[in-house]
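J.: Pasting a structure here, questions to come.
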Amino acid sequence: MGPAARLAALLAVLALRAEDPAGAAAREDTFSALTCVARALAPERRLLGLLRRYLRGEEARLRDLTRFYDKVLSLHEDPAAPVANPLLAFTLIKRLQSDWRNVVHSLEASENIQALKDGYEKVEQDLPAFEDLEGAARALMRLQDVYMLNVKGLARGVFQRVTGSDVTDLYSPRRIFSLTADDCFQVGKVAYDMGDYYHAIPWLEEAVSLFRGSYGEWKTEDEASLEDALDHLAFACFQAGNVSCALSLSREFLLYSPENKRMARNVLKYERLLAESPHQAIAEAVIQRPRVPHLRTRDTYEGLCQTLGSQPIHYQIPSLYCSYETNSSPYLLLQPIRKEIIHLEPYVALYHDFVSDSEAQKIRELAEPWLQRSVVASGEKQLQVEYRISKSAWLKDTVDPMLVTLDHRIAALTGLDVQPPYAEYLQVVNYGIGGHYEPHFDHATSPSSPLYRMKSGNRVATFMIYLSSVEAGGATAFIYANFSVPVVKNAALFWWNLHRSGEGDGDTLHAGCPVLVGDKWVANKWIHEYGQEFRRPCGSNPED
């Protein structure tokens with residue numbers, strides 16, 4: 001091993017030994033919480049260090065090869081070089097018998113690359129898994145759907161909603177970051193592998209377009225090629241019923257890879273189909289977006305995420321108002337909370353500046369080491385599902401005195417008992433790439449729900465604190481009530497889940513819209529029925 005390679009290997013080992021042993025835990029479901037995605041920056045920085053050392057070793061090796069090349073070239077500049085000179089004759093024979101063999105079979109290149117490979121293998125356990133790539137790709141498709149984003153715009157690094165001829169900029173990034181052809185191919189391939197050609201086709205079309213524009217250029221990091229993109233897009237078009245498109249793409253593929261027998265058979269098949277049904281040559285296939293069986297309110301949900309629904313302006317409805325709230329509590333007398341009534345049925349209030357910046361940061365820091373993939377109740381089981389993308393952690397009030405203070409503030413403001421078992425511990429949630437939670441109820445709708453294991457009744461109320469701001473998306477949408485609330489940093493949203501009769505309020509069906517840009521954190525305090533009998537007594541009207 002050469003001195004440069006030995007130094008690179010030694011530095012790589014020393015750098016890796018200093019790593020945090022807890023780093024491997026960051027790999028699990030990286031895409032489902034943005035704080036975990038941010039952690040992935042650390043191993044990439046380590047890989048950059050390894051690559052820098054590899055490049056320096058290779059640069060030194062190439063300088064030495066250039067020196068050898070220039071030396072030999074100089075001897076050939078005079079075509080009448082006097083080989084009769086015994087010194088020149090000797091060095092010529094030595095070069096051809098020994099020097100060239102040493103150059104061609106030098107171990108320096110393999111030693112340099114081996115040092116890089118060894119370093120990569122040691123950091124590999126901290127890297128996202130393939131499932132994270134799939135999850136991130138599905139997140140882009142989710143944002144594409146909910147916010148009606150244009151794929152070509154996304155590939156260029158802009159977030160534009162396209163409806164007919166209207167183009168709306170939803171977010172203007174400070175720095176434009178474009179996707180490569182290989183990036184677009186990988187997103188399209190995830191959809192392709194799921195049989196989702198509605199999403200696969202526009203991403204693969206963009207990949208084909210970008211690959212065509214750079215055909216002949218070789219990029220080390222790319223996994224796919226123009227031929228791969230044409231192959232997948234042709235079959236996706238065929239599956240979508242566009243045989244004419246599939247034929248055209250397949251013929252183009254054969255221009256680059258004429259020996260491919262499978263594609264040649266496909267061309268004959270598509271030609272035969274078009275000959276049997278000529279109308280398919282001019283018919284334009286219309287691909288339907290895949291339906292989601294569990295999401296019957298998809299159009300309303302997405303409309304609220306896009307437009308904030310039909311949320312009324314306060315001056316139009318006098319019963320919606322803003323005030324300083326103390327709830328007759330001495331605890332809030334000197335520092336009342338700014339209250340905004342958002343909606344009456346269901347009753348939803350927004351309390352501005354409920355926590356301070358330092359409190360919000362402290363809660364995030366306490367929760368981060370304990371974050372795990374969020375689950376939903378399915379009968380008596382807890383399951384990870386695609387319609388809830390986030391990670392969450394539960395914090396007992398014994399973790400930090402600040403959490404006790406927070407409980408006192410919630411109790412004073414709501415007038416409810418928030419101590420266990422009458423309320424759950426604070427749940428802190430961090431949303432991932434395109435993180436969301438599709439329409440759901442916070443209260444249990446089935447007697448077999450795990451919520452009843454607490455033996456404190458159903459969830460009567462929700463108190464949700466926004467611990468961060470986001471740049472776009474992430475609103476809380478109330479589906480049947482047809483309004484939504486944008487993320488307001490440090491504010492808290494409160495609503496009743498149950499009528500005074502104990503029956504669930506169907507109008508509280510709500511959703512966390514996908515986060516388009518930003519790092520969304522919330523903290524939930526769910527308060528149960530038992531312990532509130534004299535704080536929120538039953539009413540004579542079952543609808544109250």
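J.: What pairs come up if the first residue lies in the range 446-465 and is touching a residue at least 40 places away in the same chain (Cβ under 8 Å), the second is among the basic types (Lys, Arg) and assigned to a helix (DSSP H, G or I), and their beta carbons are under 7 Å apart, counting only those six or more places apart or on different chains?
T.: none
J.: Given Tyr198, Tyr192, which one is closer than 19 Å to Phe130 by Cα, touching a helix residue (DSSP H, G or I) at 6+ places or on another chain (Cβ under 8 Å) and part of a helix (DSSP H, G or I)?
T.: Tyr192
J.: Kindly indicate whether any position in the range 200-215 is within 24 Å of Ala472 (Cα to Cα) and either surrounded by 15 or more Cβ atoms within 10 Å (Cβ to Cβ) or touching a Pro at 6+ places or on another chain (Cβ under 8 Å) (or both).
T.: Yes - at least one qualifying residue is present in the range 200-215.
J.: Considering only the range 403-433, how many residues are open to solvent by 30 Å² or more (accessible area, probe 1.4 Å) and of a type in the set (Phe, Trp, Tyr)?
T.: Qualifying residue count for the region: 2.
J.: Which pairs do you get when a residue that is within 14 Å of Asp64 (Cβ to Cβ), found in the range 98-115, comes within reach of a residue that is exposed (fewer than 14 other Cβ atoms within 10 Å of the Cβ) and modelled with pLDDT under 90, reach meaning Cβ atoms under 9 angstrom, with the pair 6+ apart or on two chains?
T.: From residues that are within 14 Å of Asp64 (Cβ to Cβ), the pairs are Glu111/Arg6.
J.: Oh, and also: What about Val429, is it within 16 Å of the chain's Cα centre (by Cα), at pLDDT 95 or above and not polar (S, T, N, Q)?
T.: Yes; evaluated as a whole, the condition is true for this residue.
J.: Based on this model, can you work out whether Leu96 counts as over 30 Å from Val208 (Cβ atoms), open to solvent by 90 Å² or more (accessible area, probe 1.4 Å) and among the hydrophobic types (A, V, I, L, M, F, W, C)?
T.: Taking the combined requirement at face value, the residue satisfies it.
J.: What residue, among those in the range 225-266 that are of a type in the set (Gly, Ala, Ser) and assigned to a helix (DSSP H, G or I), is farthest from Gly195 (Cα to Cα)? First the steps, then the outcome.
T.: Within the range 225-266, the subset of a type in the set (Gly, Ala, Ser) is 225, 229, 234, 236, 240-241, 244, 246, 248, 250, 257, 264.
Adding the requirement that they be assigned to a helix (DSSP H, G or I) leaves 229, 234, 236, 244, 246, 248, 250, 264.
Numbers: Ala229: 16, Ala234: 14, Ala236: 8, Ser244: 20, Ala246: 16, Ser248: 21, Ser250: 19, Ala264: 23 Å.
That would be Ala264.
J.: It is to be established whether one or more residues within the range 247-258 are modelled with pLDDT of 95 or more and closer than 30 Å to Leu47 by Cα.
T.: Within the range 247-258 (the criterion being modelled with pLDDT of 95 or more and closer than 30 Å to Leu47 by Cα), the answer is no, since none of the residues qualifies.
J.: Is there any pair linking a residue in the range 175-202 that is free of Cβ contacts under 8 Å to residues at least 12 places away in the same chain and farther than 27 Å from Glu471 by Cβ to one that is of a type in the set (Gly, Ala, Ser) and buried (at least 18 other Cβ atoms within 10 Å of the Cβ), with Cβ under 9 Å and at least six apart or on different chains, and which?
T.: Cβ pairs passing all conditions: Asp193/Ala200; Met194/Ala200.
J.: For a quick check of your reading: which helices (runs of 4 or more DSSP H) sit entirely within the range 3-115 and have at least 3 residues that are at pLDDT below 85, of a type outside the set (Asp, Glu) and touching a Gly at 6+ places or on another chain (Cβ under 9 Å)?
T.: Those helices (runs of 4 or more DSSP H) span 3-17.
J.: Here are the criteria: (1) within 23 Å of the chain's Cα centre (by Cα); (2) modelled with pLDDT under 95; (3) small (Gly, Ala, Ser). Tell me which single one Ala207 does not satisfy.
T.: Just one mismatch for Ala207, condition (2).
J.: The conditions are (1) under 31 Å from the mean Cα position of the chain (by Cα); (2) part of a helix (DSSP H, G or I), and Asp222 fails exactly one of them. Which is it?
T.: Asp222 satisfies every listed condition except (2).
J.: Okay, next question. Please go through the range 125-177 and give me each residue that is in a strand (DSSP E or B), of a type outside the set (D, E, K, R) and surrounded by fewer than 20 Cβ atoms within 10 Å (Cβ to Cβ), ordered by number.
T.: Passing the criteria: Gln160, Val162, Thr163, Val167, Thr168, Leu170, Tyr171.
J.: Can you name every residue in the range 434-447 that is open to solvent by 50 Å² or more (accessible area, probe 1.4 Å) and either over 15 Å from Leu498 (Cβ atoms) or of a type in the set (Ser, Thr, Tyr) (or both)?
T.: Within the range 434-447, just Thr445 meets the criteria.
J.: Considering each residue of the range 220-260, count those that are surrounded by fewer than 17 Cβ atoms within 10 Å (Cβ to Cβ) and out of contact with any helix residue (DSSP H, G or I) (no Cβ under 7 Å at 6 or more places or on another chain), and give that number.
T.: Going through the range 220-260 one residue at a time, the tally reaches 7.
J.: For the range 525-544, give me each residue that is over 29 Å from Ala393 (Cβ atoms), open to solvent by 100 Å² or more (accessible area, probe 1.4 Å) and either in contact with a Gly (Cβ under 8 Å, 6 or more places away or on another chain) or of a type in the set (Asp, Glu) (or both).
T.: If we filter the range 525-544 for residues that are over 29 Å from Ala393 (Cβ atoms), which is where we start, we get 533-534, 537-544.
Add one more test, that the residue is open to solvent by 100 Å² or more (accessible area, probe 1.4 Å), and what stays is 534, 538, 540, 543.
Of everything in the range 525-544, those that are over 29 Å from Ala393 (Cβ atoms), open to solvent by 100 Å² or more (accessible area, probe 1.4 Å) and either in contact with a Gly (Cβ under 8 Å, 6 or more places away or on another chain) or of a type in the set (Asp, Glu) (or both) turn out to be Cys538, Glu543.
J.: Now for a separate question. Could you tell me which numbered condition Ala461 fails, if it satisfies all but one of (1) open to solvent by 20 Å² or more (accessible area, probe 1.4 Å); (2) out of contact with any Asp or Glu (no Cβ under 8 Å at 6 or more places or on another chain)?
T.: Every condition holds for Ala461 apart from (1).
J.: If I ask for residues that are modelled with pLDDT of 95 or more and over 24 Å from Trp218 (Cβ atoms), which ones from the range 160-191 would you list?
T.: Selection gives Val190, Ala191.
J.: Turning to a different aspect of this structure: Considering the range 471-520 alone, what residues qualify as being at positive phi, in contact (Cβ under 8 Å) with a residue 60 or more places away in the chain and over 26 Å from the mean Cα position of the chain (by Cα)?
T.: Once the filter is applied, which keeps residues that are at positive phi, in contact (Cβ under 8 Å) with a residue 60 or more places away in the chain and over 26 Å from the mean Cα position of the chain (by Cα), the range 471-520 yields only Asn482.
J.: Turning to a different aspect of this structure: Does Ile313 satisfy being at pLDDT below 80 and of a type outside the set (S, T, N, Q)?
T.: yes
J.: Can you name the residue in the range 507-521 that is among the aliphatic types (A, V, I, L, M) and more than 24 Å from Arg453 (Cβ to Cβ) and, of all such residues, is surrounded by the fewest Cβ atoms within 10 Å (Cβ to Cβ)?
T.: It comes out as Val517.
Okay, residues lined up against (1) in contact with a Cys (Cβ under 9 Å, 6 or more places away or on another chain); (2) assigned to a loop (DSSP other than H, G, I, E, B); (3) among the β-branched types (Val, Ile, Thr); (4) at pLDDT below 95:
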{"residue": "Ser468", "(1), (2), (3), (4)": "no, yes, no, no"}
{"residue": "Ala481", "(1), (2), (3), (4)": "no, yes, no, yes"}
{"residue": "Asn490", "(1), (2), (3), (4)": "no, yes, no, no"}
{"residue": "Leu493", "(1), (2), (3), (4)": "no, no, no, no"}
{"residue": "Arg500", "(1), (2), (3), (4)": "yes, yes, no, yes"}
{"residue": "Ala511", "(1), (2), (3), (4)": "yes, no, no, no"}
{"residue": "Ala523", "(1), (2), (3), (4)": "no, no, no, no"}
{"residue": "Trp526", "(1), (2), (3), (4)": "no, no, no, no"}
{"residue": "Gly531", "(1), (2), (3), (4)": "no, yes, no, yes"}
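The values are calculated or read from the model by the stated rules, or taken from the named source; none is laboratory data. The structure presented is a predicted model; accordingly, all values stated were derived computationally and were not measured. Here Cβ is always computed from backbone atoms with ideal geometry, including for glycine, and neighbour counts include all displayed protein chains. Ligands, DNA and RNA are excluded from the accessible area calculation, which covers all protein heavy atoms including side chains. Shrake-Rupley method; radii C 1.70, N 1.55, O 1.52, S 1.80 Å.
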